[in-house]
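K.L.:
Below you'll find the structure I mean.
The values are calculated or read from the model by the stated rules, or taken from the named source; none is laboratory data. As the structure is a computational prediction, the values presented were derived from the model and not from experiment. Heads up, the Cβs are rebuilt from the backbone with ideal geometry, glycines too, and the neighbour counts pull from every protein chain shown.
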């Protein structure tokens, strides 16, 4: 008798979860590669993280993404954490092996760098001075991604200094902490400006920065992707500054999990990006 095909299962744990593009993105790849599998969004409460991990194991899941607000909490309930995940103190991808052992890693770091490499391949030759806006979880991933790059000056600007100092202490002691009031002077001098805050996101206040004062070879990298064109991106475009949006980071960070769970490395190509852009336009 022929052995039945294994149906592969993965998903995303979060709260809220309705906004997540991950089910659509992974569903797109599952269909494209004709994989027998499903990617399921799962809305859970904070006190259910450990129980949810156990349920995934019982139900035969290959793993899951973990999104806000559980990226730190989930570390308590896994068996192994990657070095990057441990350094950042947050993970977004878990995998479960055949023995039921749960491993966790942070693929946001990979996604951040791959998106940058893809959009501006020569960026490492042009960037000696980086300014990072924000001191939250996304900022921690950015700092970890840039830690071993040959960048002379790395600065974090945040309205409060407590979180940036934790990043400096826990991830990269070479980081400089700058007061938000000095934003204009610091931006004028930088080679790459990275927005890791939620400013500019749909429903949030916009990020008002005059990019006309920036160097013409500078890069503006906005991790926000809803809307696709934030006010910061519009300003960079208007002033002919190189710019990168956050949608590519979403696509690249998803690659590793998909390959682990579904046994296929998907293409991070223009077709996938067009699918995501169309999806966002539908959700306007």
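K.L.:
Please state which of the following conditions residue 194 fails to meet, knowing it meets all the rest: (1) under 30 Å from residue 61 (Cβ atoms); (2) surrounded by 20 or more Cβ atoms within 10 Å (Cβ to Cβ).
P.N.:
Answer for residue 194: the failing condition is (1).
K.L.:
Here's something else I'd like to know. Among the residues of the range 88-106, count how many are in contact with a helix residue (DSSP H, G or I) (Cβ under 6 Å, 6 or more places away or on another chain) and over 25 Å from residue 58 (Cβ atoms).
P.N.:
Residues that pass the stated criteria total 3.
K.L.:
Let me ask something else about it. Exactly one of these conditions fails for residue 60: (1) in contact (Cβ under 8 Å) with a residue 40 or more places away in the chain; (2) assigned to a loop (DSSP other than H, G, I, E, B); (3) in contact with a helix residue (DSSP H, G or I) (Cβ under 8 Å, 6 or more places away or on another chain). Give me its number.
P.N.:
Of the numbered conditions (1) in contact (Cβ under 8 Å) with a residue 40 or more places away in the chain; (2) assigned to a loop (DSSP other than H, G, I, E, B); (3) in contact with a helix residue (DSSP H, G or I) (Cβ under 8 Å, 6 or more places away or on another chain), the odd one out for residue 60 is (3).
K.L.:
Also, quick follow-up: Taking residue 237 as the residue in question, decide whether it is out of contact with any helix residue (DSSP H, G or I) (no Cβ under 8 Å at 6 or more places or on another chain) and in a helix (DSSP H, G or I).
P.N.:
On the way: out of contact with any helix residue (DSSP H, G or I) (no Cβ under 8 Å at 6 or more places or on another chain): yes; in a helix (DSSP H, G or I): yes.
Judged against the criteria, residue 237 is a match.
K.L.:
Related question: I need the full set of residues from the range 70-127 which are without any contact (Cβ under 8 Å) to a residue 12 or more places away in the chain, part of a helix (DSSP H, G or I) and not assigned by TED's automatic domain parsing to the domain that holds residue 150, in order please. Working first, answer last.
P.N.:
Residues of the range 70-127 that are without any contact (Cβ under 8 Å) to a residue 12 or more places away in the chain, as a first pass: 83, 86, 97-99, 117, 121-122, 125.
Checking the rest, the ones that are also part of a helix (DSSP H, G or I) come to 83, 86, 117, 125.
If the condition is that a residue be without any contact (Cβ under 8 Å) to a residue 12 or more places away in the chain, part of a helix (DSSP H, G or I) and not assigned by TED's automatic domain parsing to the domain that holds residue 150, then 83, 86 are the ones that fit.
K.L.:
Could you grab me the full set of residues in the range 199-214 that are crowded, with 16+ Cβ neighbours inside 10 Å and either in contact (Cβ under 8 Å) with a residue 60 or more places away in the chain or more than 19 Å from residue 68 (Cβ to Cβ) (or both)?
P.N.:
Of the residues in the range 199-214, the ones crowded, with 16+ Cβ neighbours inside 10 Å are 199-201, 207, 209, 211, 214.
Those that are crowded, with 16+ Cβ neighbours inside 10 Å and either in contact (Cβ under 8 Å) with a residue 60 or more places away in the chain or more than 19 Å from residue 68 (Cβ to Cβ) (or both): 199, 207, 209, 211, 214.
K.L.:
Pick from the range 184-197 the residues that are touching a residue at least 60 places away in the same chain (Cβ under 8 Å) and outside any strand (DSSP E or B): which of them is nearest to the chain's Cα centre (by Cα)? Talk me through it step by step, then tell me what you get.
P.N.:
Initially, the range 184-197 is screened for residues touching a residue at least 60 places away in the same chain (Cβ under 8 Å), giving 189-197.
Still in the list and also outside any strand (DSSP E or B): 189-191, 196-197.
Numbers: 189: 26, 190: 23, 191: 21, 196: 10, 197: 12 Å.
Across the range 184-197, the extreme among qualifying residues is 196.
K.L.:
Output the number of the condition that residue 148 fails; it satisfies all remaining conditions of (1) touching a residue at least 24 places away in the same chain (Cβ under 8 Å); (2) surrounded by fewer than 17 Cβ atoms within 10 Å (Cβ to Cβ); (3) in the same structural domain as residue 200 (by TED's automatic domain parsing).
P.N.:
Every condition holds for residue 148 apart from (1).
To keep it simple, each residue is scored yes or no on (1) over 18 Å from residue 113 (Cβ atoms); (2) within 20 Å of the chain's Cα centre (by Cα).
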{"position": "216", "(1), (2)": "yes, no"}
{"position": "221", "(1), (2)": "no, yes"}
{"position": "233", "(1), (2)": "yes, yes"}
{"position": "237", "(1), (2)": "yes, no"}
{"position": "257", "(1), (2)": "no, yes"}
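K.L.:
Also: Please go through the range 215-234 and pick out each residue that is touching a strand residue (DSSP E or B) at 6+ places or on another chain (Cβ under 9 Å), in contact (Cβ under 8 Å) with a residue 40 or more places away in the chain and either surrounded by fewer than 18 Cβ atoms within 10 Å (Cβ to Cβ) or not in a strand (DSSP E or B) (or both).
P.N.:
217, 223
K.L.:
Do you know which residues across the range 135-183 are in a loop (DSSP other than H, G, I, E, B) and over 16 Å from residue 109 (Cα atoms)? Break it down into steps so the answer makes sense when it comes.
P.N.:
Taking the range 135-183 first, the residues in a loop (DSSP other than H, G, I, E, B) are 135-136, 147-152, 159-161, 171-175.
150, 151, 152, 159, 160, 161, 173, 174, 175 - these are the residues of the range 135-183 that are in a loop (DSSP other than H, G, I, E, B) and over 16 Å from residue 109 (Cα atoms).
K.L.:
Also: Would you check if there is a residue in the range 43-64 being within 18 Å of residue 108 (Cβ to Cβ) and modelled with pLDDT of 95 or more?
P.N.:
Within the range 43-64, one or more residues are within 18 Å of residue 108 (Cβ to Cβ) and modelled with pLDDT of 95 or more.
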